[in-house]
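Encoded as structure tokens, the structure appears first; notes follow it.
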Amino acid sequence: MALRLYNTLTRAKDTFEPLDPNRVTVYVCGPTVYNYAHIGNARPPVVFDILFRLLQHLYPQVAYARNITDIDDKIMKKAEDEGETIETIALRYADAYREDVRALNVLDPTIEPHATQHIDGMIRMMQTLIDGGFAYASEGHVLFDVTAYDTYGHLSGRSLDEMVAGARVEVADYKRHPGDFILWKPSTPEQPGWESPWGRGRPGWHLECSVMAEEHLGETIDIHGGGIDLVFPHHENEVAQSCCAHGGKPLARYWMHNGFLTMEADKMSKSIGNVVLIRELREQYRGEVLRLVLMTAHYRQPLDWSRNVVMQSRRTLDRGYRCLHELRTVEAADVAPPPALVEALEDDLNTPRALSVVSDLVGQANRATDDDERAHLKGLLLASGQLLGLYQANPEAWLKGEVAEGADEGVDTSSIDALLAERQAAREARDFATADRIRDELAAQGITIEDRPDGTAEWRKQ
Ligand code: AMP
Ligand code: ZN
């Protein structure tokens, strides 16, 4: 089956055909680094990580850029509030972001461009747009002239009139048309800024992405992704800039947008006070559990975060790891992931279907008795996990809750081992009352003991 992706541009599930199958190009809008990321912010990196893994499975080379926006008014405000430079703020939160998403088994992108390292390219693109009659300078600003680009609004399906009527654009006297958007804005001497032919200033967010995509991936890329809230104005404006700077060539051929994450059915927002940071959740749950939650719904659907779905995801992973633990003496066969799994992902990244394929595999492996069959199923399970970014941890460590650093699901393994040894000694001394007391004590901590036929015992978190 061929890969089919829902394309926001055509509003249909299109068959994916890369421009150059030897180098598939993907650009995803990354974070503006002024704060710790919340769990909603984790949805795009996880969704596009699955796409990245799938493309790597299907094509020899994938160039995947996920940028860091390290200049922005919100970063400037944070720097001012904290009495630090924007560089310090950006570095701190970019590091935190990387750490958070890596904990969710998100692979590093191939390229991680930083906006401030592309100012020359931005100045060049603005000059090209001005020369072509698509942009103009006004009072230290450079603005894109939306009336010069016929198909403005095509991606988001809005007309200029609607945008103005809906007050989705800011009116300002330095603009010719209220829909014109900023490519460059002036900085005061105290504000961060760069010299340009239009005075000292700083770039607009939309321009940054157009230039980073061009520089690292080329004028037309295969897939551009981001959250659904970015379609307008961010992506619409990226399209206008890139297309007009590149003689009409499209910026991206496939546009993918993930749906929003809600928190107990409410929109996650600072004003409601229900924003949960990835790092707060990582103190309670392992990263892989958080990742699985984000995979339980199709990426275009809204997804509601609830304790229930988190616990369910944890149980699912425990079941899979328990199965792998049971197969620990079996050498995994070297096999490709099952076709049913690849087909589910090829169907516009249908992760719920992909997860049910994995669940069936676990069931089959649990029932299998034949050695060859068990080796084959273990191979399939691990290959599936590799493609989905799951089941890469050591099963025994997982079951003992040791996997993630700083996770409070983790337990003090040395004290459990000591209690287990004490229980063993009591059993050998036929002091069953003490042995039972220790079992109950561990059970109260959520630890289950499994006595093995050879007289030894193992423990795991419930
Ligand atoms: P922001 O911090 O709002 O600029 O968002 C950064 C990225 O996270 C963007 O790609 C947004 O589309 C995405 N995003 C923000 N909030 C959510 C949410 N609740 N659910 C899914 N994606 C989100
Ligand atoms: Zn962007």
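The values are calculated or read from the model by the stated rules, or taken from the named source; none is laboratory data. The shown structure was predicted, so the numbers you read here are calculated from the model rather than taken from an experiment. Note: ideal-geometry Cβ built from the backbone for every residue, glycine included; neighbour counts use all protein chains shown.
What to note about this one:
- Of all residues in region 159-173, those that are closer than 22 Å to A245 by Cα and either in contact with a strand residue (DSSP E or B) (Cβ under 9 Å, 6 or more places away or on another chain) or part of a loop (DSSP other than H, G, I, E, B) (or both) total 1.
- Residue within region 239-257 that is within 13 Å of ligand 2 (Cβ to nearest atom), small (G, A, S), at pLDDT 95 or above and in a strand (DSSP E or B) present: yes
Conditions (1) surrounded by fewer than 21 Cβ atoms within 10 Å (Cβ to Cβ); (2) of a type in the set (A, V, I, L, M, F, W, C); (3) at pLDDT 95 or above, marked per residue:
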{"position": "N237", "(1), (2), (3)": "no, no, yes"}
{"position": "K270", "(1), (2), (3)": "yes, no, no"}
{"position": "G273", "(1), (2), (3)": "yes, no, no"}
{"position": "L277", "(1), (2), (3)": "yes, yes, yes"}
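- Sole residue being modelled with pLDDT under 90 and on the phi > 0 side of the Ramachandran plot, chosen from A172, A167: A167
- First in region 416-436 and of a type in the set (V, I, T), second anywhere and part of a helix (DSSP H, G or I), Cβ under 6 Å, 6 or more apart: T434/A426
- Residues satisfying the stated conditions in region 221-238, i.e. within 10 Å of ligand 2 (Cβ to nearest atom) and assigned to a helix (DSSP H, G or I): L230, H234, H235, N237, E238
- Selection status of M295, within 16 Å of ligand 2 (Cβ to nearest atom) and surrounded by 15 or more Cβ atoms within 10 Å (Cβ to Cβ): no
- Selection of first residues in region 327-342 that are loosely packed, with under 15 Cβ neighbours inside 10 Å and of second residues that are assigned to a loop (DSSP other than H, G, I, E, B), restricted to Cβ pairs under 9 Å at least 6 apart or on distinct chains, gives the following pairs, ordered by first then second residue: P339/M1.
- Selected residue [without any contact (Cβ under 8 Å) to a residue 60 or more places away in the chain, buried (at least 22 other Cβ atoms within 10 Å of the Cβ) and more than 9 Å from ligand 1 (Cβ to nearest atom)] from F48, F52: F52
- Residues in region 245-263 that are within 14 Å of V211 (Cα to Cα) and crowded, with 22+ Cβ neighbours inside 10 Å: A245, L251, A252.
- Flag if R374 is out of contact with any helix residue (DSSP H, G or I) (no Cβ under 6 Å at 6 or more places or on another chain), outside any helix (DSSP H, G or I) and modelled with pLDDT of 95 or more: no
- Just one of the listed residues (G83, G121, G132) is under 30 Å from V62 (Cα atoms) and at pLDDT 95 or above, namely G121.
- For the residues G218, G199, G259, the requirement of being within 12 Å of ligand 1 (Cβ to nearest atom), touching a residue at least 40 places away in the same chain (Cβ under 8 Å) and of a type in the set (G, A, S) singles out G259.
- Within region 212-256, being over 25 Å from S159 (Cβ atoms) and of a type in the set (A, V, I, L, M) holds for M212, A213, L217, I221, I223.
- Selection of strands (runs of 3 or more DSSP E) fully inside region 1-90 by the criterion of at least 2 residues being within 16 Å of ligand 2 (Cβ to nearest atom) and among the β-branched types (V, I, T) returns 24-28.
- So G179, is it in contact with a Leu (Cβ under 7 Å, 6 or more places away or on another chain), assigned to a loop (DSSP other than H, G, I, E, B) and over 17 Å from W198 (Cα atoms): yes
- Residues being over 30 Å from V146 (Cα atoms) and assigned to a strand (DSSP E or B) - total across region 258-272: 5
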